[in-house]
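Structure, as structure tokens:
The values are calculated or read from the model by the stated rules, or taken from the named source; none is laboratory data. Quick caveat: nothing in here was measured; it's all calculated off a predicted structure. Glycine gets a Cβ as well: all are built from the backbone with ideal geometry, and neighbour counts include every protein chain shown.
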Amino acid sequence: MMHPELLARLRSGGPRSVAVATYAVAGMAWLALFLHDPIEGAVGHAHGGSMTAADPGVFEAVALAGGPLGVLHYLAMWGLMMVAMMYPSSAGAFQWYTEVRAHLRPAEMLTGVAVFVGTYTLVWVAVGVVPLAVDAVVPIGSLAATWGALYFGVAFLAVAAFQLSPVKRRYLGRCRSPSGFLVSHYRPGLPGAVRLGWDFARQDVAACGVLMGLMVVVGSMNLGWMALITAVLTVERLTARGLVWARRFGALSGVAGLGLVGLWLW
């Protein structure tokens, strides 16, 4: 259990500088994604201008073709995308952790916050290995080109099944009310910051990983889909009726999936 004085300090609130900084960092990440076109030229040259970096599987294929440096570049860009997409709805948790450590010396407090946020971010960066591994076994671009509407339809049906599942409700509930989870998992010191960042990130990946998978299916560098999925994540995590919206998004995804599968069969 957390010490009563610490709980009282959390309830009293305080300056929201870390939350504001989190939103600012997320905004800069979005700006960087809009301004930085990391592989468009290489893709256009390799495919005679017939493909773009936003097409399914292109970003992964170019990264794997580039060897270790290509993989590192992919993971760096994936990390930038995760900052842009996940930080806005995680700002409250980052602020919470700052207030927990507000009684420490400023340097010690900020070091712990940096370790907590950094661990959280690194877990999301590591998730980027998954689409690369999938593409190495079964090229995503080939699946999209071969199966067309069926490829996208099955992906939307998978999202619908997850959005409507008890697993989604359980993990989304923890993400929507992180204070209880963070209080129960909090440990002092830098090892505690690492462990808490890891635990918090695992909850996020469990709640949002399938939606990130959809982003890979439609194209990892497709900024339009990235913005749409970010909006979905933010609404279901931060609004009062977020659990209801999560089910609505699932139902809408199911309708889209059935329509695409029907189109393919027709």
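Could you please find all residues in the range 121-176 being in contact with a helix residue (DSSP H, G or I) (Cβ under 6 Å, 6 or more places away or on another chain), in a helix (DSSP H, G or I) and free of Cβ contacts under 8 Å to residues at least 60 places away in the same chain?
Val125, Tyr171, Arg174
Quick check: is even one residue across the range 250-261 closer than 15 Å to Tyr171 by Cβ and modelled with pLDDT of 95 or more? Steps first, please.
Let us first name the residues in the range 250-261 that are closer than 15 Å to Tyr171 by Cβ, namely 250.
Restricting the remaining residues to those that are modelled with pLDDT of 95 or more gives 250.
Yes; the residues of the range 250-261 include at least one that is closer than 15 Å to Tyr171 by Cβ and modelled with pLDDT of 95 or more.
Go through the range 214-266 and give me each residue that's aromatic (Phe, Trp, Tyr) and in a helix (DSSP H, G or I). So that I can check it myself, show each step before the final result.
So the first thing to find is which residues in the range 214-266 are aromatic (Phe, Trp, Tyr), and the list is 225, 245, 249, 264, 266.
If the condition is that a residue be aromatic (Phe, Trp, Tyr) and in a helix (DSSP H, G or I), then Trp225, Trp245, Phe249, Trp264 are the ones that fit.
Against the definition (over 28 Å from Thr52 (Cα atoms), more than 14 Å from the chain's Cα centre (by Cα), charged (D, E, K, R) and surrounded by fewer than 20 Cβ atoms within 10 Å (Cβ to Cβ)), how does Arg247 come out, yes or no?
On the way: over 28 Å from Thr52 (Cα atoms): yes; more than 14 Å from the chain's Cα centre (by Cα): yes; charged (D, E, K, R): yes; surrounded by fewer than 20 Cβ atoms within 10 Å (Cβ to Cβ): yes.
When the stated conditions are applied, Arg247 passes them.
How many residues are of a type in the set (Gly, Ala, Ser) and closer than 15 Å to Trp198 by Cβ when one looks only at the range 164-187? Let's see the steps before the verdict.
To start, the set of residues in the range 164-187 that are of a type in the set (Gly, Ala, Ser) comprises 165, 173, 177, 179-180, 184.
Next, from what is left, pick out any that are closer than 15 Å to Trp198 by Cβ: 184.
Of the residues in that region, 1 qualify.
Answer with yes or no whether Val62 is among the β-branched types (Val, Ile, Thr), assigned to a helix (DSSP H, G or I) and more than 23 Å from Arg202 (Cα to Cα).
Considered against the rule, which asks whether it is among the β-branched types (Val, Ile, Thr), assigned to a helix (DSSP H, G or I) and more than 23 Å from Arg202 (Cα to Cα), Val62 comes out as yes.
Which of the following residues is surrounded by fewer than 14 Cβ atoms within 10 Å (Cβ to Cβ), on the phi < 0 side of the Ramachandran plot and among the polar types (S, T, N, Q): Thr230, Thr234, Thr239?
Details: Thr230 fails: surrounded by fewer than 14 Cβ atoms within 10 Å (Cβ to Cβ); Thr234 fails: surrounded by fewer than 14 Cβ atoms within 10 Å (Cβ to Cβ).
Every option except Thr239 fails the conditions.
For Leu196, work out the one condition from (1) under 15 Å from the mean Cα position of the chain (by Cα); (2) closer than 24 Å to Thr98 by Cα; (3) not β-branched (Val, Ile, Thr) it doesn't fulfil.
With respect to (1) under 15 Å from the mean Cα position of the chain (by Cα); (2) closer than 24 Å to Thr98 by Cα; (3) not β-branched (Val, Ile, Thr), Leu196 is out only on (1).
Name the pairs: first residue in the range 84-110 and free of Cβ contacts under 8 Å to residues at least 24 places away in the same chain, second residue among the basic types (Lys, Arg) and assigned to a loop (DSSP other than H, G, I, E, B), Cβ to Cβ under 9 Å, at least 6 apart or on different chains?
Every condition considered, the pairs that remain are Glu108/Arg101; Met109/Arg101; Leu110/Arg101.
Of the residues that make up the range 190-204, is at least one surrounded by 15 or more Cβ atoms within 10 Å (Cβ to Cβ), in a helix (DSSP H, G or I) and of a type in the set (Val, Ile, Thr)?
Yes, the range 190-204 contains at least one residue that is surrounded by 15 or more Cβ atoms within 10 Å (Cβ to Cβ), in a helix (DSSP H, G or I) and of a type in the set (Val, Ile, Thr).
Among the residues of the range 150-159, write down those that are surrounded by fewer than 21 Cβ atoms within 10 Å (Cβ to Cβ) and either under 19 Å from the mean Cα position of the chain (by Cα) or among the acidic types (Asp, Glu) (or both).
Of everything in the range 150-159, just one residue is surrounded by fewer than 21 Cβ atoms within 10 Å (Cβ to Cβ) and either under 19 Å from the mean Cα position of the chain (by Cα) or among the acidic types (Asp, Glu) (or both), namely Ala158.
Go through (1) in contact with a helix residue (DSSP H, G or I) (Cβ under 9 Å, 6 or more places away or on another chain); (2) of a type in the set (Gly, Ala, Ser); (3) modelled with pLDDT of 90 or more; (4) closer than 30 Å to Tyr74 by Cα and name the single condition Ser220 misses.
(3)
Within the range 182-196, identify whether any single residue is in contact with a Cys (Cβ under 7 Å, 6 or more places away or on another chain), over 23 Å from Ala61 (Cβ atoms) and at pLDDT 90 or above, and answer yes or no.
Of the residues in the range 182-196, the ones in contact with a Cys (Cβ under 7 Å, 6 or more places away or on another chain) are none.
Checking the range 182-196: not a single residue is in contact with a Cys (Cβ under 7 Å, 6 or more places away or on another chain), over 23 Å from Ala61 (Cβ atoms) and at pLDDT 90 or above.
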